[in-house]
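Scroll down for the structure; my scribbles are underneath it.
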Amino acid sequence: MMKQILLITDGCSNVGISPVAAAAHAQQEGIVVNVVGIVDDGEAGERGMDEIAEIARAGGGMSRLVTAAVLSQTVQAMTRKTVMTTMHLAVSRELRQILGTGELEALPPDKRGEVVRVIDDMSEQTPLRVALLIDTSASMKLKLKAVEETCRDLLLSLQARKGRSEMAVFHFPGRSDADLLIDWSSDLAKLQHLFYNLNIKGTTPTGPAIRQVLQHFSIRASERADRSDSPRYPQPRSDQKDGIWSDYVV
């Protein structure tokens, strides 16, 4: 089973452990961390931009800075790309063991086509869990409508996959480091009025929130005994910039 944490935020962490350290821990546990930074009018503080990129890099994922208007498309694209890249590298490792090379270009054209089809099939059929971790600090209040629409669009996208796909939604800050709004589900009805009557707070405990979501993955993994089929998420290659795969086209 593939596992992802997708963090949506617009600011810098200011409470608790380092979010970079928390993301690195998630990556060690086979859970990739993608980060989307929502900016106003295309502007974001330097510290915030650096932190977003560092969290994604430590978590083996991607980072993007976007406006609320394109949030949904970005989240879906990042989720799909993470799945494809994970499957590609998993197949490359197998090829390296069998053939001594993991490069598709080294294969004859007919064999290369077969491998690409295998990657596509695995990307569609391998079970997937995505935990959305949403910053609901005071500065995010006016952006939550766009975030709620993004949650619905992502779940619709996951439902289109052939494999079992589930999504959980957390927000922070809350009563704990991260409060669970929706547990693992593929039911769109549960996303109605997702952020209704939230107690918006000013702090941004991003690191503790990532840690809380990671613990939730661990609990579910032990209950369902599915850890044995979880592929390890690789660190970005040296030719990747800021955790983004430059060859990706939406």
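Odds and ends about this structure:
- Links that overshoot a 24 Å alpha carbon limit, given the list K81/K141; K143/K190; K3/K190; K145/K190: K81/K141
- Neighbour-limited loop hits for chymotrypsin sites (Phe, Trp or Tyr not before Pro), the stretch 136-220 (at most 11 other Cβ within 10 Å; DSSP other than H, G, I, E, B): Y196
- Going from the residue with the fewest nearby Cβ atoms within 10 Å to the one with the most, H171, H216, H193 rank H193, H216, H171.
- In this simple spin-label approximation, D121 and L107 carry label points 7 Å from Cα along the Cα→Cβ vector, and these lie 1.2 nm apart.
- Fewest-first ranking of I31, I38, I17, using other Cβ atoms within 10 Å as the exposure measure: I17, I38, I31
- Judged by the ratio a/c of the largest to the smallest principal axis of the C-alpha gyration tensor, the stretch 180-222 counts as oblate, that ratio being 1.5 or greater while a/b is no larger than b/c.
- Shown for K3, K190: other C-beta atoms within 10 Å of each C-beta, ranked fewest to most, produce the order K190, K3.
- In this rough spin-label picture, where each label sits 7 Å from Cα along the Cβ direction, the S176-K141 distance is 2.7 nm.
- Its alpha carbons considered, the stretch 109-169 gives a radius of gyration followed by a Dmax of 16.7, 55 Å.
- Applied to the stretch 28-40, the Karplus parametrisation 6.51 cos²θ - 1.76 cosθ + 1.60 on θ = phi - 60° returns per-residue 3J(HN,Hα) values of 5, 8, x, 10, 7, 10, 9, 9, 10, x, 8, 10, 9 Hz, with x for Gly and Pro.
Here, each number is a calculation from the coordinates, and none is a lab measurement. Just so it is clear, the structure is predicted and the values come from calculations on it, not from any experiment. Backbone-built Cβ (ideal geometry, glycine too); neighbour counts: all protein chains shown.
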